[in-house]
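For reference, the structure discussed in these notes is given below.
The values are calculated or read from the model by the stated rules, or taken from the named source; none is laboratory data. These numbers were taken from a predicted model, which means no experiment stands behind them. Using ideal geometry, Cβ is built from the backbone for each residue, glycine included, and neighbour counts are taken over all protein chains shown. Side chains are part of the model used for accessible areas, which takes the heavy atoms of the whole protein and leaves out ligands, DNA and RNA. Shrake-Rupley method; radii C 1.70, N 1.55, O 1.52, S 1.80 Å.
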Amino acid sequence: NWPYVAVERSKGVTLTEWLALHPKPSPVEVVGWVCQALEALAFAHESGTAHHDLQLHSVMINDAGRVQLMALSTSSNQGTPVPTGGAKRGVDHAVLIEADTLRAQREAAERDVLACGLMLHALLTGVPVLDEPDISKAMLRLTPAGRDLVRLPWSTHHPIPEALRAIANRCTSSQER
C-alpha cells in the first residue's frame, strides 16, 4: 500500500550505477551532466513543476553521456498550497492563492537548484556531501536549517579549475540568492 513510481530503465543507467562502473569522472564530464540536469530543471520550473528529490539515483545517463531526470512528472503538485474552506472568497482570495502557489513553486525550484549544487560537489569530489548519501538530508544540514558549510576540498581526483571551484562553492553557499 505504499506509493511508488516505476521508471523505464531501457534508455540508460542511473548516475549512481554509472559511477560504480566509471569512478572518478573528469570535471568536464561532470559539468556536462550537471548542465543537462539544470536545463531539464529549467524547463520543469518554467512549467511550475519541481523535482523535489533530486538524487544521483534519479538521474539517468546513456552510453552517449546524455542525462535525463527520472520521475519528474510525478511531482507536479507537491508543495502547492490548498485553499482553506474558511478563507474569504473573491478576487483577494484568488490573488492570495496565486501568490502562495508561486511562492511554493519558487521555493521548490530553489531547493532543486541547491540539490543540483550538492550533486555537483559530490560528483567532483567522489564522496557524498557531508558524508550523507541522501542529498535531501544533506540539504537539511545547511544554513538556514542547519549549521554545516560545504566547500570543495583542495585535494580531489582531478584538478578543478578555479572558475569551476568558485561556481561549485557558490552553489552551496549559505546565502540563498
With (1) more than 20 Å from H52 (Cβ to Cβ); (2) in contact (Cβ under 8 Å) with a residue 24 or more places away in the chain; (3) among the hydrophobic types (A, V, I, L, M, F, W, C) as the list, and M139 as the residue in question, which single condition is left unmet?
(1)
Which of the residues belonging to the range 142-177 are touching a residue at least 60 places away in the same chain (Cβ under 8 Å), surrounded by 13 or more Cβ atoms within 10 Å (Cβ to Cβ) and in a loop (DSSP other than H, G, I, E, B)?
H157, H158, I160
Being touching a strand residue (DSSP E or B) at 6+ places or on another chain (Cβ under 7 Å) and of a type in the set (A, V, I, L, M) is the filter here, so list the residues in the range 1-40 that pass it.
V13, L15, A37, A40
Are there any pairs with C-beta distances below 7 angstrom linking a residue in the range 123-135 that is within 16 Å of W33 (Cβ to Cβ) and of a type in the set (S, T, Y) to a residue that is open to solvent by less than 50 Å² (accessible area, probe 1.4 Å) and part of a helix (DSSP H, G or I), with the two at least 6 apart or on different chains, and if so which?
none
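In the range 62-72, which residue that is assigned to a strand (DSSP E or B) and not β-branched (V, I, T) is surrounded by the most Cβ atoms within 10 Å (Cβ to Cβ)? Break it down into steps so the answer makes sense when it comes.
Applying the first criterion (assigned to a strand (DSSP E or B)) to the range 62-72 yields 67-69.
Checking which are not β-branched (V, I, T) leaves us with 68-69.
Numbers: Q68: 16, L69: 19.
My answer is L69.
What number of residues in the range 49-58 are of a type outside the set (D, E, K, R), open to solvent by 20 Å² or more (accessible area, probe 1.4 Å) and part of a loop (DSSP other than H, G, I, E, B)?
The first filter runs over the range 49-58 and keeps only residues of a type outside the set (D, E, K, R), leaving 49-52, 54-58.
Keeping just the survivors that are open to solvent by 20 Å² or more (accessible area, probe 1.4 Å) gives 49, 52, 56-57.
Adding the requirement that they be part of a loop (DSSP other than H, G, I, E, B) leaves 49, 52.
Counting residues in the range 49-58 that are of a type outside the set (D, E, K, R), open to solvent by 20 Å² or more (accessible area, probe 1.4 Å) and part of a loop (DSSP other than H, G, I, E, B) gives 2.
Which residue is least open to solvent (accessible area, probe 1.4 Å), if the candidates are limited to the range 15-33 and must be at negative phi and not in a helix (DSSP H, G or I)?
If we filter the range 15-33 for residues that are at negative phi, which is where we start, we get 15-23, 25-33.
Filter once more, so that each one left must be not in a helix (DSSP H, G or I): 22-23, 25-26.
Working: H22: 82, P23: 89, P25: 15, S26: 36 Å².
Ranking the qualifying residues of the range 15-33, first place goes to P25.
Condition check ((1) out of contact with any helix residue (DSSP H, G or I) (no Cβ under 6 Å at 6 or more places or on another chain); (2) over 25 Å from I167 (Cα atoms); (3) open to solvent by less than 90 Å² (accessible area, probe 1.4 Å); (4) modelled with pLDDT under 70) across all residues:
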| site | (1), (2), (3), (4) |
| --- | --- |
| V13 | yes, yes, yes, no |
| E39 | yes, no, no, no |
| M60 | yes, no, yes, no |
| N77 | yes, yes, no, yes |
| P81 | no, yes, yes, yes |
| L96 | yes, yes, no, yes |
| A104 | yes, yes, yes, no |
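Hey, does the range 140-156 have a residue that's among the hydrophobic types (A, V, I, L, M, F, W, C) and over 22 Å from A109 (Cα atoms)?
Initial filter on the range 140-156 (among the hydrophobic types (A, V, I, L, M, F, W, C)): 140, 142, 145, 149-150, 152, 154.
After this cut, where a residue has to be over 22 Å from A109 (Cα atoms) as well, the list is 152, 154.
Within the range 140-156, one or more residues are among the hydrophobic types (A, V, I, L, M, F, W, C) and over 22 Å from A109 (Cα atoms).
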